[in-house]
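The values are calculated or read from the model by the stated rules, or taken from the named source; none is laboratory data. These numbers come from a predicted model, not from an experiment. We place every Cβ from the backbone using ideal geometry, glycine too, and count neighbours over all the protein chains shown. For accessibility, only protein heavy atoms count, side chains too; no ligands or nucleic acids. Shrake-Rupley method; radii C 1.70, N 1.55, O 1.52, S 1.80 Å.
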Amino acid sequence: MSFAGRLGRTVADSAPWWPEPVRAPEGAPNIVVVLLDDMGFADVGPFGSEIETPTLDRLAASGLRFTNYHTTPLCSPSRASLLTGLNHHRAGYAFAANADPGFPGYTFEIADDVPTLPETLREAGYATFAVGKWHLTKDATMNDGAPRSSWPTQKGFDRFYGILEGLTGLHHPHRLVRDNSPVEIDAYPEGYYLTDDLTDQAIGMIKALRAHDARKPYFLYLAHPAVHGPLQAKPADIAKYRGKYAAGWDTPREDRFARQLAGGLFPQGTALPPRNSEQFHDVPAWDSLPQEERELFARYQEVYAAMVDNVDQNLGRLLSVIERYGELDDTIVIFTSDNGGTGEGGVRGTRSYFKQFGRRANLPGDWTLDVPRDPELIGGPQTMVHYPRGWGMASNTPFRLYKGTTHAGGVRVPFVLSWPRGLAGARGDGPAHALPVRHRRAAHPAGAGRGDPAAGMAGQGGRPTRRELLLRRPDRPGRAEHARRAVRRDDRQPGLLPRRLEAGHPAPARPPARRGPLGTVRPAHRSHRDPRPRRRPAGAGRGAGRGLGAGGLGQPGVPPRRRHRLPVDGPPAWTACRC
């Protein structure tokens, strides 16, 4: 920035100058993003759940429900896409941020040439706050002796309070961080609960800002560790759901789907797929289980429901503070989840969460994955439990499979958007993805280390490969987690969803096809230089066109590579959100 004053031989001959402080445009809204962890499509009231979520019910009634929102199947990739606007491979998070394999796309740090949403907003005059789960720092750099270059306050946030890791106990968090330093706590007070604490901290940050600046808009990124395992909740919240899940997971799944149909989330006549039956993902019929297991499994779900309920209570507390400042109408509130409900608890769940995932080589013969506990302790600070995957299936109603897969159960999650003043009369029924369009296209001031975030995979030079071209195209969000791979190209996601479950739009005319090299199918009008991948014939392997398994409801006749874009009515910031 050049000096705009005048420099003379003396102070008397000179004119001082001070740069104007950056102020957000008049009327710029506050932005609150509430991100849950491992919560499925059907776990809140606006999407068919029986769990009490009155705050979300009100937001959805006055705002928008996105029924076709997609994320990635894992936490870190979703968070990276949300905060950078890039495909998660380009952002460096092809998997969960823990190890460091040493390859591009797996660096598990946001590169210096990748601007983040909070950086962009801060340079536009916003205050930026992050509260809750970060999980964008690899394990090796979470300690006090490591570089903090990928911690929240180095990536655009003015303040941070929460955990850097992917999970923790909600009654006794193992390590909390404030800004750049661990919080020293000798003992947590009686009745402490992390979701309440995080909400208190978020409210405190807003109040501190308003005590000194009544106009400055803020971006609050509130990423709850709930409802990730281990499942823990407050006794009063658990008591609300005592006995409500004795009928098992089949009945709530059917009831949720009925409410989804009645609420217009899916077209009438859409059928609920059968229970998951794929190997290592299968769910037994509830009636086939012994009575003792049914009682235990119902208790797990009571705790899970209590966790969701508590998040809604705390969201209500937060919004009431914003309303007291008279700013709720001018606040964008987004509520969503990082991925679908999980099946990691296995077919029977566990009362010993970390034993369930320990390496099993050379373990003693009497090693048990599920240490018996007093059922009355489940959900409290003395247990680390997780539910069986049957409840994950119910969580993802009506979709198939779970977190960690690119089937719809892993990538379709609820999305509620409220902005009373900005969305008046708006409608949103098209597809959306975790790549936020507005800040992706925002111009970023030139500076040291700031390049084109789509200039290629980090750490590689030369001409980009066809795969790189695909991965960096922001309107083509690819997925490559785990063994199931998918590249989503239209609003129906063939092979991953029940038949015509998302859109009742006719397929566009297909160009004539001719047989290409190596058995690929290529439309006659496409150039051989087209960087897009070729569609493989049916049965050629696993990919976006993979079917739903035995009894699944596929979409015959819908080409996996069809590019069909739907118009979305609403403000320009959201109309570009097509993928």
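Among the residues of segment 197-217, those that are assigned to a loop (DSSP other than H, G, I, E, B) and open to solvent by 60 Å² or more (accessible area, probe 1.4 Å) comprise ALA214, ARG215, LYS216.
The condition (being more than 25 Å from ARG253 (Cα to Cα) and over 18 Å from the mean Cα position of the chain (by Cα)) is satisfied by just one residue among ARG23, ARG79: ARG23. In summary, helices (runs of 4 or more DSSP H) completely within segment 11-122 and bearing 1 or more residues that are open to solvent by less than 10 Å² (accessible area, probe 1.4 Å) and closer than 30 Å to TYR325 by Cα occur at 54-62, 75-84. In the set (1) among the small types (Gly, Ala, Ser); (2) in contact with a Lys or Arg (Cβ under 8 Å, 6 or more places away or on another chain); (3) open to solvent by 20 Å² or more (accessible area, probe 1.4 Å), GLY162 fails one condition alone, (3).
Just checking, how many residues over segment 326-380 are part of a loop (DSSP other than H, G, I, E, B) and free of Cβ contacts under 8 Å to residues at least 24 places away in the same chain? Number satisfying all stated conditions: 19. Condition first: surrounded by 20 or more Cβ atoms within 10 Å (Cβ to Cβ) and farther than 20 Å from SER81 by Cα. Can you find one or more residues in segment 125-132 that meet it? The answer is yes, given that some residue of segment 125-132 is surrounded by 20 or more Cβ atoms within 10 Å (Cβ to Cβ) and farther than 20 Å from SER81 by Cα. Selection of segment 278-294 for residues being exposed (fewer than 10 other Cβ atoms within 10 Å of the Cβ) and either without any contact (Cβ under 8 Å) to a residue 12 or more places away in the chain or part of a loop (DSSP other than H, G, I, E, B) (or both) yields GLN279, PHE280, SER288, PRO290, GLN291, GLU292. Within segment 129-155, residues that are under 18 Å from CYS75 (Cα atoms) and β-branched (Val, Ile, Thr) have Cβ atoms under 6 Å from residues that are open to solvent by 30 Å² or more (accessible area, probe 1.4 Å) and not in a loop (DSSP other than H, G, I, E, B) in these pairs: VAL131/GLN201, counting only partners at least 6 apart in sequence or on another chain.
Condition test on THR168, is it of a type in the set (Ser, Thr, Tyr), touching a Lys or Arg at 6+ places or on another chain (Cβ under 8 Å) and farther than 27 Å from ASN30 by Cα? The answer is yes for THR168.
For segment 239-258, the set of residues classified as charged (D, E, K, R), assigned to a helix (DSSP H, G or I) and surrounded by fewer than 22 Cβ atoms within 10 Å (Cβ to Cβ) consists of LYS240, ASP250, GLU254, ASP255, listed by residue number. Quick check, is ALA236 within 22 Å of ALA298 (Cβ to Cβ), open to solvent by 30 Å² or more (accessible area, probe 1.4 Å) and without any contact (Cβ under 8 Å) to a residue 12 or more places away in the chain? Judged against the criteria, ALA236 is a match. Only residues that are of a type in the set (Phe, Trp, Tyr) and surrounded by fewer than 17 Cβ atoms within 10 Å (Cβ to Cβ) were counted in segment 320-348, giving 1. Could you check, for segment 136-147, whether at least one of its residues is of a type in the set (Ser, Thr, Tyr), outside any loop (DSSP other than H, G, I, E, B), buried (at least 18 other Cβ atoms within 10 Å of the Cβ) and modelled with pLDDT of 95 or more? No, segment 136-147 contains no residue that is of a type in the set (Ser, Thr, Tyr), outside any loop (DSSP other than H, G, I, E, B), buried (at least 18 other Cβ atoms within 10 Å of the Cβ) and modelled with pLDDT of 95 or more. Residue selection: ASN87 fails the criterion of being over 30 Å from PHE399 (Cβ atoms), of a type in the set (S, T, N, Q) and in contact with a helix residue (DSSP H, G or I) (Cβ under 7 Å, 6 or more places away or on another chain). Being within 19 Å of the chain's Cα centre (by Cα) and either open to solvent by less than 10 Å² (accessible area, probe 1.4 Å) or free of Cβ contacts under 8 Å to residues at least 12 places away in the same chain (or both) holds for only one residue in LEU194, LEU220, and it is LEU220. Regarding GLU293, is this residue acidic (Asp, Glu) and under 30 Å from GLY422 (Cβ atoms)? When the stated conditions are applied, GLU293 does not pass them. Whenever a residue of segment 78-100 is under 18 Å from ALA140 (Cα atoms), its partners that are open to solvent by 10 Å² or more (accessible area, probe 1.4 Å) and among the acidic types (Asp, Glu), lying with C-beta atoms within less than 6 angstrom and at least six residues away or across chains, give the pairs GLY92/GLU109; ASN98/ASP139.
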